[in-house]
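Written out below as structure tokens is the structure these notes cover.
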Amino acid sequence: MNPVEIEQAITGLAEQPFDAAEFPYAFLEAFGNKATTIKRLRAGASNKSDLGGVLQTGNIHILSCDAGRVTRTLAALKASPATAKAKAKFILATDGVHFEAEDLSSGETVACAFKDFPDHFGFFLPLAGISTVRQISENAFDIRATSRLNRLYVELLKDNPEWGTAERRHDMNKLMARLIFCFFAEDTDIFVGKGRFTETVAQMSAKDSSNTHEVIATLFRTMNTKREDRAAAKIPRWAEDFPYVNGALFSGSGDVPRFSRIARSYLLHVGGLDWTRINPDIFGSMIQAIAEDEERGELGMHYTSVPNILKVLNPLFLDDLRAKLEEAGDNARMLLNLRKRIAKIRVFDPACGSGNFLVIAYKQMRAIESEINRRRGESDRASEIPLTNFRGIELRDFPAEIARLALVIAEYQCDMLYRGQKLALLEFLPLRNENWITCGNALRLDWLSLMDVGGSGVKLVSDDLLQTPLDQAEIDFENEGGETYICGNPPYLGSRDQRDEQKADLRLLFENRIRNWKSLDYVAGWFIKAADYCVKTSSVAAFVSTNSICQGLQVPVLWPAIFASGCQIEFAHTSFRWANLASHNAGVTVAIIGISMQPRSPRRLFSLSDTGNVVERQCAHINAYLAAGESVIVDKSSQPISTRSEMTFGNTPIDGGHLLLSRSERDALQLTRTQHDRFIRRILGSAELIRGLERYCLWIEDQHLPEALGIEPIARRIAAVGDVRMTGGTTARDIADKPHQFQRMFFGKHSTIVVPSVSSESREYLPCGFEPAGTVVSNAAFALYDVPLWNMALIASRLHLVWIATVCGKLKTDFRYSNTLGWNTFPVPTLTEKNKADLTRCAEDILLAREHHFPATIADLYNPENMPTDLRAAHEINDEVLERIYIGRRFKNDTERLEKLFDLYAKMTRGEGADSRSRKKAAKN
Ligand SMILES: C[S@@+](CC[C@H](N)C(=O)[O-])C[C@H]1O[C@@H](n2cnc3c(N)ncnc32)[C@H](O)[C@@H]1O
């Protein structure tokens with residue numbers, strides 16, 4: 001169960017009449033316990049309570065009690081020896097009127113009316129094994145509001161299916177935005193009287209719900225009518241108290257769909273929440289899911305957390321503002337200058353969704369401004385930061401709508417916080433009329449005109465966010481002449497996941513600049529637009545992106561174009577998991593990259609330490625692979641750049657499957673021992689090597705062809721290969737005259753090192769193999785034939801894995817190996833004979849350790865959960881020996897490994913590395 005489902009279940013429980021005996025079971029069920037678990041508790045088998053309640057081991061001790069005895073009962077639960085023995089995390093007592101609970105590890109308690117206990121659902125989430133509890137319990141209100149609005153949304157669509165069609169979707173979205181505003185306004189005194197909107201709907205609409213839509217429509221009309229126009233507009237007396245809000249939010253169609261009784265009660269229910277607790281940073285991201293069919297199941301659980309957004313905004317500009325604040329101390333003039341600077345800053349998110357980056361940026365800037373005002377003794381002073389300086393582009397209508405609402409709410413909350421309610425209220429209404437969040441395709445819109453570069457006034461797509469594009473309205477930036485910071489997390493979308501129109505967006509941007517643009521992720525479009533924008537405006541842009549644009553084959557495609565524009569990487573955060581709470585999505589691996597024309601020095605490179613903390617490293621340059629160091633782009637190389645043996649692609653059959661044999665197909669040939677030894681070989685690709693699968697092939701030397709053709713089933717197979725090749729492509733036809741053989745016939749006379757072409761990213765080492773004479777390697781792997789074993793020590797090292805992961809990139813979640821891009825480019829210092837001997841011993845030890853666990857497969861041995869200790873130790877020693885050759889000690893982390901590798905690579909490819917001189921003499925012994 002996800003948190004929203006749990007919230008819904010416990011809300012349902014709190015609404016039912018209290019049943020003392022049933023409550024503990026129903027409570028546990030609401031937290032996702034299975035029917036069988038509940039059955040065992042009921043039967044007493046797993047119920048360890050010594051007080052007549054329900055005690056689930058390792059979880060909770062619950063006791064329903066008589067009226068008025070809740071506190072005493074909780075004390076008894078706490079003192080109960082069974083509670084301690086069963087290591088309960090929580091105790092809970094209730095009489096159906098009051099409710100008390102304690103988290104025994106933190107000592108935190110909850111005491112509330114029974115009907116309100118669902119407000120504290122975040123407190124109990126560890127019961128459901130949900131570990132990101134802090135994040136959720138801090139946002140418990142937003143989850144509850146989303147869940148309830150979702151119920152209302154679904155119910156309204158049930159009764160008004162036409163409101164779900166493309167034509168009316170916009171009106172539906174508009175309705176939800178207006179309702180959210182009203183719920184917020186009625187709880188924050190923007191409307192006179194707490195709960196005024198919900199109360200008015202409750203009072204003025206019939207209980208059978210028949211006129212609910214009319215009452216709501218009247219209220220909306222009221223909020224769209226200035227006081228002086230109300231008589232003429234025939235606003236009824238009961239609606240008179242509602243303020244004029246503004247044209248944009250309440251203008252346009254005033255239609256409201258019909259409400260069923262259930263929908264009406266849901267509406268009153270949502271209104272009953274305490275909307276002062278809405279958190280616009282994340283609420284918007286959550287709420288937008290209700291308007292998306294595919295996302296509704298998750299109800300916004302993929303929202304982006306504030307700490308992750310700050311990973312972008314802090315280095316982009318907030319750290320600098322805070323540093324300047326620190327520097328200013330109490331110096332009134334410096335503080336004033338900083339305030340003026342802040343007031344001019346524009347923040348632009350060209351894929352803003354419901355505006356979370358903009359909201360956080362706004363709130364953080366308000367915090368800094370308020371500190372300035374406090375130090376200057378002007379705490380009451382109105383903010384000079386214009387909301388309209390926080391611009392966005394968003395493709396979808398509803399999030400764009402919510403983005404502006406979220407900013408409006410954020411502004412009010414900041415005013416309340418920093419200036420007090422009286423002043424906040426004084427200036428809040430009417431809301432500004434203009435739109436500053438553009439609904440459109442960011443890759444097609446002209447960012448310069450949207451951001452008013454050149455001072456010609458901003459051309460906006462619509463003057464009413466709620467309408468489809470109308471007249472071009474103009475809205476100038478307040479406080480001209482400031483800095484612009486571009487930020488966001490645009491859609492990533494790998495090349496195969498892009499729709500035709502998205503491919504067309506990229507074509508438009510890249511076709512005339514680079515070749516191979518089709519392999520780029522969609523997010524690359526934002527980078528190139530940002531680069532062009534930065535060139536013209538000296539802005540700084542930072543996006544969250546899939547890390548694939550900084551790895552493997554996309555690097556040589558995208559980054560030379562960005563660097564050619566003049567932009568460089570100013571700061572970056574190396575790969576980390578962008579986790580969220582959506583159950584179907586374990587999170588993607590992302591990086592953050594900030595670019596600008598005049599990058600500030602030093603460059604800042606953030607990464608996660610082994611313990612999960614963010615560490616910052618300052619450096620002179622950051623390259624396109626997000627390593628500290630000069631700008632290098634690793635290109636394919638046809639031969640190794642330093643000491644090591646040649647690695648080739650395995651043998652390609654081009655055979656329609658007729659040269660390859662399963663064990664049963666091999667046996668069906670009924671060959672004699674001599675025939676078998678002559679014509680059958682074991683063949684290994686990635687899957688065979690890693691999972692220990694058995695596969696064979698026909699391997700026929702030219703001189704043995706007549707004999708092979710004399711064996712009827714082999715002759716049939718050879719003929720079938722011939723047919724396949726004759727009707728195949730050029731390569732196939734070229735080798736059609738040798739249907740008894742693979743395209744090439746390579747194998748090791750003494751031994752072969754096999755390297756899979758793909759391997760799971762979860763493995764800590766690349767799982768290469770060392771195979772006996774005669775083994776054939778298929779084209780699903782790479783091979784080094786008859787080479788010294790120390791080559792294997794290189795391949796099996798952490799250093800090599802880090803290099804491969806970075807320069808070869810990944811295929812979904814697998815490392816993708818390449819001889820030309822990964823092996824040939826791998827920079828290795830000159831190896832002495834002693835080094836080679838040491839590395840040979842390391843490789844032997846790895847093989848011996850594997851041998852101890854025979855017949856475990858490579859997949860078993862390299863499962864990170866169960867890697868045998870002796871094998872891990874052998875790899876550790878291998879790493880130790882190799883890394884000492886590089887720097888005389890172990891590297892501290894992968895960041896350091898990469899930096900060294902890039903440094904060496906740059907030197908070697910420039911011809912400075914000691915080894916580059918001897919590179920032509922790639923080791924043969
Ligand atoms: C990954 S979301 C990020 C939104 C928001 N920052 C968040 O964390 O929820 C990307 C957003 O870009 C929007 N989007 C997708 N393609 C777009 C385009 N071509 N132009 C503008 N926005 C687009 C999507 O609708 C989505 O809201």
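The values are calculated or read from the model by the stated rules, or taken from the named source; none is laboratory data. Computed from a predicted structure; not experimentally measured. Please note: Cβ atoms are built from the backbone with ideal geometry, for glycine as well, and neighbour counts cover all protein chains shown. Heads up: the accessible areas ignore ligands, DNA and RNA and are worked out on the full protein's heavy atoms, side chains in. Shrake-Rupley method; radii C 1.70, N 1.55, O 1.52, S 1.80 Å.
Couple of notes before you dig in:
- Here Arg691 and Thr165 are evaluated by their C-beta separation; at R0 = 56 Å the FRET efficiency comes out at 0.65.
- Percent accessible area from carbon and sulfur atoms, the chain, protein chains only, probe 1.4 Å: 51 percent
- Computed extension length for Ala382-Ser253: 43.0 nm, one decimal, from 0.36 nm per residue of separation with the Cα-Cα distance subtracted.
- Mean Cβ neighbour count within 10 Å, used as a protection proxy, ranking 641-654, 690-703 highest first: 641-654, 690-703
- Each residue, Lys34 and Glu616, gets one label point 7 Å from its Cα in the Cβ direction; the gap between the two is 4.9 nm.
- For Arg644, the residues 5 or more places off, or on other chains, whose built amide H falls under 5 Å of its own are Ala923.
- When both the range 600-622 and the range 354-409 are represented by their alpha-carbon centers, they are found 28 Å apart.
- Largest accessible area first, the listed residues Val97, Val802 line up as Val97, Val802 when surface is computed with a 1.4 Å probe on the assembled protein chains.
- Estimated vicinal HN-Hα couplings, Hz - the range 895-901 in sequence order (Karplus 6.51, -1.76, 1.60; Gly, Pro = x): 4, 5, 4, 4, 4, 5, 4
- Each of Arg716 and Glu240 was given a label point 7 Å from its Cα along the Cα-to-Cβ line. The distance between the two points is 9.8 nm.
- Using the average count of surrounding beta-carbon atoms within 10 Å as a protection proxy, the listed peptides 209-217, 793-801 rank, highest first, as 793-801, 209-217.
- On full extension, the segment bounded by Glu761 and Arg444 gains 110.5 nm, given 0.36 nm per residue less the C-alpha separation.
- Helix-only mean residue ellipticity at 222 nm for the chain, each DSSP H run of n ≥ 4 adding -39500 (n - 2.57), per residue, nearest 500: -12500 deg cm²/dmol
- Taking Cβ atoms as reference points and 12 Å as the exclusive limit, the residues near Thr11 contribute a net charge of -1, counting Lys and Arg as +1 and Asp and Glu as -1.
- Given Lys810/Lys900; Lys226/Lys422; Lys226/Lys344; Lys311/Lys892, the pairs whose alpha carbons are separated by over 25 Å: Lys226/Lys344
- Where trypsin sites (Lys or Arg not before Pro) fall in DSSP loop in the range 710-782, at most 13 other Cβ within 10 Å: Arg744, Lys749
- Computed from Cα positions, the angle between helix 869-887 and the longest principal axis of the chain comes to roughly 90 degrees.
- Here's the list of lysines a cross-link from Lys48 could span, going by alpha-carbon distance under 20 Å and ignoring same-chain residues fewer than 8 apart: Lys34, Lys39, Lys78, Lys85, Lys87, Lys89.
- Near Ala206, once Lys and Arg are set to +1 and Asp and Glu to -1 for all other residues with Cβ below 13 Å from its Cβ, the sum equals +2.
- For Lys536, the aspartates and glutamates whose Cα falls under 16 Å of its own Cα, not counting residues fewer than eight places away in the same chain, are Asp446, Asp452, Glu483.
- The HN-Hα couplings worked out from phi for the range 852-868 by the Karplus form 6.51 cos²θ - 1.76 cosθ + 1.60 (θ = phi - 60°) are 4, 9, 3, x, 4, 7, 4, 4, 5, 5, 9, 5, x, 6, 10, 5, x Hz, whole numbers, x standing for Gly and Pro.
- If you plug the beta carbon distance of Ala504 and Thr730 into 1/(1 + (r/R0)^6) with R0 = 35 Å, you get a FRET efficiency near 0.65.
- Under 5 Å from the amide H of Arg346 lie the amide H atoms of Glu483, Thr484, Tyr485, each residue being 5 or more positions distant or on a separate chain, with H modelled from the backbone and absent for Pro and chain starts.
- At a probe radius of 1.4 angstrom, the accessible area of the chain per residue rounds to 41 square angstrom.
- Segments 251-258, 420-427 sorted - mean Cβ within 10 Å per residue, highest first: 251-258, 420-427
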